[in-house]
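Visitor: Structure below; questions to follow.
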Amino acid sequence: LGCLLIGLSYLIPKKLILNLTESIPLGWYWVQDAMAIDRGSLIVFRFQERWLIKEVAGVSGDLFCVSQQGDFSVNGEWIGKAKAKDTAGKPIPRVVGCQKLGPNEWVVLGYGDRSFDSRYFGTIQSRSILGKAKLLGGKES
């Protein structure tokens with residue numbers, strides 16, 4: 001089955017993506033067209049030459065904030081903490097301040113407390129979104 005899925009990933013470019021990180025459930029994801037992206041949608045987007053899959057936590061009109069202390073919130077609801085250092089002890093750049101999201105901006109969030117997401121790189125733009133992600137043959141959290 002694994003060989004079949006790997007083969008399909010070459011035949012269907014950018015439609016089948018394997019996630020091996022703990023920021024969302026592990027497994028193969030099918031990429032669908034992104035007609036309507038809502039809070040809670042899983043999306044695939046390009047960030048610094050890599051495809052990432054994250055959950056949408058903030059949409060147009062929402063207020064996204066990361067405090068000096070690293071508290072991460074959307075519309076005043078605390079979501080988590082931005083870490084100051086990675087697991088190797090190196091400083092991690094992070095966004096600081098508040099921003100009201102425009103019509104083509106989203107805040108994304110991974111499921112783990114060490115997920116690399118909007119608390120570190122800010123909002124993502126619609127032009128970087130490939131589509132919605134749907135976990136194949138697994139349980140979504």
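The values are calculated or read from the model by the stated rules, or taken from the named source; none is laboratory data. Fair warning: this is a prediction, and the values are worked out from it, not measured in the lab. Please note: Cβ atoms are built from the backbone with ideal geometry, for glycine as well, and neighbour counts cover all protein chains shown. SASA here: full protein model, heavy atoms, side chains in, ligands and nucleic acids out. Shrake-Rupley method; radii C 1.70, N 1.55, O 1.52, S 1.80 Å.
Visitor: For segment 91-102, which positions are assigned to a loop (DSSP other than H, G, I, E, B), within 14 Å of Phe64 (Cα to Cα) and either open to solvent by 40 Å² or more (accessible area, probe 1.4 Å) or at pLDDT below 90 (or both)?
Guide: First, the residues of segment 91-102 that are assigned to a loop (DSSP other than H, G, I, E, B): 92-96, 101-102.
Filter once more, keeping what is within 14 Å of Phe64 (Cα to Cα): 94-96, 101-102.
The answer is Arg94, Val95, Val96.
Visitor: Hey, can you tell me all the residues within segment 103-138 that are open to solvent by 30 Å² or more (accessible area, probe 1.4 Å), within 24 Å of Gln69 (Cβ to Cβ) and among the basic types (Lys, Arg)?
Guide: Listed by number, the list holds a single entry, Arg114.
Visitor: Which one is modelled with the highest pLDDT among residues in segment 103-141 that are under 17 Å from Val74 (Cα atoms) and in contact with a Phe, Trp or Tyr (Cβ under 6 Å, 6 or more places away or on another chain)?
Guide: Among those that are under 17 Å from Val74 (Cα atoms) and in contact with a Phe, Trp or Tyr (Cβ under 6 Å, 6 or more places away or on another chain), it is Val107.
Visitor: Name the pairs whose Cβ atoms lie under 8 Å apart, with the first residue in segment 82-111 and under 16 Å from Lys54 (Cα atoms), the second among the aromatic types (Phe, Trp, Tyr) and part of a loop (DSSP other than H, G, I, E, B), and 6 or more positions between them or separate chains?
Guide: Gly110/Phe116
Visitor: On the given criteria, is Gln69 within 21 Å of Thr123 (Cα to Cα), open to solvent by 80 Å² or more (accessible area, probe 1.4 Å) and either over 15 Å from the mean Cα position of the chain (by Cα) or modelled with pLDDT of 95 or more (or both)? Please lay out each step first, then the result.
Guide: Details: within 21 Å of Thr123 (Cα to Cα): yes; open to solvent by 80 Å² or more (accessible area, probe 1.4 Å): yes; either over 15 Å from the mean Cα position of the chain (by Cα) or modelled with pLDDT of 95 or more (or both): yes.
Against the criterion (within 21 Å of Thr123 (Cα to Cα), open to solvent by 80 Å² or more (accessible area, probe 1.4 Å) and either over 15 Å from the mean Cα position of the chain (by Cα) or modelled with pLDDT of 95 or more (or both)), Gln69 qualifies.
Visitor: What pairs come up if the first residue lies in segment 22-43 and is under 15 Å from Asn104 (Cα atoms), the second is among the small types (Gly, Ala, Ser), and their beta carbons are under 6 Å apart, counting only those six or more places apart or on different chains?
Guide: Pairs found: Ala34/Gly131.
Visitor: Of everything in segment 29-53, what is closer than 14 Å to Arg127 by Cβ and at pLDDT 90 or above? Give them in sequence order.
Guide: Residues satisfying the conditions are Ile37, Ile43, Val44, Phe45, Arg46, Phe47.
Visitor: From the list Phe116, Phe64, Phe72, pick out the single residue that is within 19 Å of Ile24 (Cβ to Cβ), in contact (Cβ under 8 Å) with a residue 12 or more places away in the chain and not in a loop (DSSP other than H, G, I, E, B). Walk me through how you get there before you give the answer.
Guide: Working: Phe116 fails: not in a loop (DSSP other than H, G, I, E, B); Phe64 fails: within 19 Å of Ile24 (Cβ to Cβ).
Going through Phe116, Phe64, Phe72 in turn, the sole match is Phe72.
Visitor: Taking the conditions exactly as written (farther than 15 Å from Ser118 by Cβ and outside any loop (DSSP other than H, G, I, E, B)), does Trp78 satisfy them or not? Walk me through how you get there before you give the answer.
Guide: Values: farther than 15 Å from Ser118 by Cβ: no; outside any loop (DSSP other than H, G, I, E, B): yes.
So Trp78 fails the test.
Visitor: In addition: If you scan segment 24-61, which residues turn out to be acidic (Asp, Glu), outside any strand (DSSP E or B) and either open to solvent by less than 40 Å² (accessible area, probe 1.4 Å) or at negative phi (or both)?
Guide: Narrowing segment 24-61 to residues acidic (Asp, Glu): 33, 38, 49, 55.
This time we only want the ones that are outside any strand (DSSP E or B), so: 33, 38, 49.
Asp33, Asp38 - these are the residues of segment 24-61 that are acidic (Asp, Glu), outside any strand (DSSP E or B) and either open to solvent by less than 40 Å² (accessible area, probe 1.4 Å) or at negative phi (or both).
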